[in-house]
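Below is one structure, written out as structure tokens; the observations come after it.
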Amino acid sequence: MKLKTTRKLMVLAGLVGMLALSACGQANNSTTGGGSNTPEASANGAGNSTASAVGEQVDYEIIGIDPGAGIMKATSQAIETYGLADWKLIEGSGAAMTAMLDKAIKAEEPIIITGWTPHWMFAKYDLKYLEDPQKVYGEAEEIHTVARKGLKEDHPTAYEFLDRFEWTSDEMGAIMTAIQEGQDPAEAAQAWADANTDRVDSWTEGLTPVDGDKLKLSYVAWDSEIASTNLLEYVLESKLGYDVESLQVEAGPMWTGVASGDVDATAAAWLPLTHADYWDKYGEQLDDLGANMTGVKTGLVVPAYVNIGSIEDLK
Ligand code: PBE
């Protein structure tokens, strides 16, 4: 089912790509007399077009990710709040979304994606968030670590470490970029930890290691969470003696796993808004260990050359 959706998305990506490419070609011919194929030329083309032309060029599609992601719910809300009845939110995955973004940028075509920070894509490409005057995507978002009830008593060392764990978007970004550039996620996390022992020590100092106790973490295959979960797994195993299993699941099971106690913790809870639904449903069955990162963000993102500035411009 998921695979099918992803494939469909890739086929769509190809179609959108071809349509937008021919549109760009025309814009370039009329504004520059042809021959120029630089991003500037494309930007000029987009600059001459109205916001509704951007809508037509992208077939009124916002390229989303996995349906369980909070950003998908927020985007459905944005479509409603900003009166974007013509627009469709396309489901897929984080990987399919970044593949389509890469393709669009290489072809200098417009694209609108559901994006978030921290993410390597902001280092690799020149991107911008569309303004969100209605604050549909919230403000002051944080990533929290949440644990199952009872973890504190059952695994005090792991609990204390997870409770202390907090880092910056730049630190996460270093691991994300290494993975994006082809490094194995576990190796990228290990390399970062080994190069930043002062940070790792500040989370583990004075904790008593265990002897192979089993621990389960859950996460979703979002690039940000792949980075954090691999780091936690490495530190828990190499510094604190745990035998960690990291379960890659959909967003729903990530939350229900910890709420039911099948999973010990997740470091992928985006609050207060992105995962508000999950929190409202399961929060009482969970132990919130607080933010492991502050100042994170979600929203609609476009390449900088796309000549719109606000979600309102999509109308
Ligand atoms: N994200 C990344 C997730 C949380 C982490 C913003 C894509 C979401 O639920 O939307």
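List of remarks:
- Looking only at segment 260-281, and only at residues there that are farther than 21 Å from Glu233 by Cβ and buried (at least 18 other Cβ atoms within 10 Å of the Cβ), the one that is farthest from the ligand (Cβ to nearest atom): Trp279
- When each of Asp264, Asp287, Asp277, Asp243 is tested for being at pLDDT 95 or above, among the acidic types (Asp, Glu) and over 25 Å from His155 (Cβ atoms), the lone residue that passes is Asp277.
- For the residues Val200, Val258, the requirement of being among the hydrophobic types (A, V, I, L, M, F, W, C), over 18 Å from Arg164 (Cα atoms) and touching a residue at least 12 places away in the same chain (Cβ under 8 Å) singles out Val258.
- Condition met for Glu187 (of a type in the set (D, E, K, R) and more than 19 Å from Leu289 (Cα to Cα)): yes
- When Leu236, Leu232, Leu215, Leu207 are checked against the criterion of being within 21 Å of Trp167 (Cα to Cα), away from the ligand (no atom under 16 Å from the Cβ) and in contact (Cβ under 8 Å) with a residue 60 or more places away in the chain, Leu236 stands alone in meeting it.
- Looking only at segment 217-238, residues that are farther than 17 Å from Met172 by Cβ and surrounded by fewer than 19 Cβ atoms within 10 Å (Cβ to Cβ) come to 2 in all.
- Residue in segment 134-151 that is closer than 23 Å to Asp59 by Cβ and not hydroxyl-bearing (Ser, Thr, Tyr) present: yes
- Against the test of being outside the structural domain of Gly290 (by TED's automatic domain parsing) and within 25 Å of Ser52 (Cα to Cα), the options Trp120, Trp116 yield a single qualifying residue, Trp116.
Residue-by-condition table, conditions (1) surrounded by fewer than 19 Cβ atoms within 10 Å (Cβ to Cβ); (2) of a type outside the set (Gly, Ala, Ser); (3) within 18 Å of the chain's Cα centre (by Cα); (4) at pLDDT 95 or above:
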{"position": "Tyr60", "(1), (2), (3), (4)": "yes, yes, no, yes"}
{"position": "Ile63", "(1), (2), (3), (4)": "no, yes, yes, yes"}
{"position": "Ile71", "(1), (2), (3), (4)": "no, yes, yes, yes"}
{"position": "Thr81", "(1), (2), (3), (4)": "yes, yes, no, yes"}
{"position": "Leu84", "(1), (2), (3), (4)": "no, yes, no, yes"}
{"position": "Ala104", "(1), (2), (3), (4)": "no, no, no, yes"}
{"position": "Glu108", "(1), (2), (3), (4)": "no, yes, no, yes"}
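- When residues in segment 196-211 are screened for being of a type outside the set (Lys, Arg), assigned to a helix (DSSP H, G or I) and surrounded by 11 or more Cβ atoms within 10 Å (Cβ to Cβ), 6 of them pass.
- Residues in segment 83-100 that are part of a loop (DSSP other than H, G, I, E, B) and within 16 Å of the ligand (Cβ to nearest atom): Glu91, Gly92, Ser93.
The values are calculated or read from the model by the stated rules, or taken from the named source; none is laboratory data. Because the structure is a prediction, the values reported are computed rather than measured. Backbone-built Cβ (ideal geometry, glycine too); neighbour counts: all protein chains shown.
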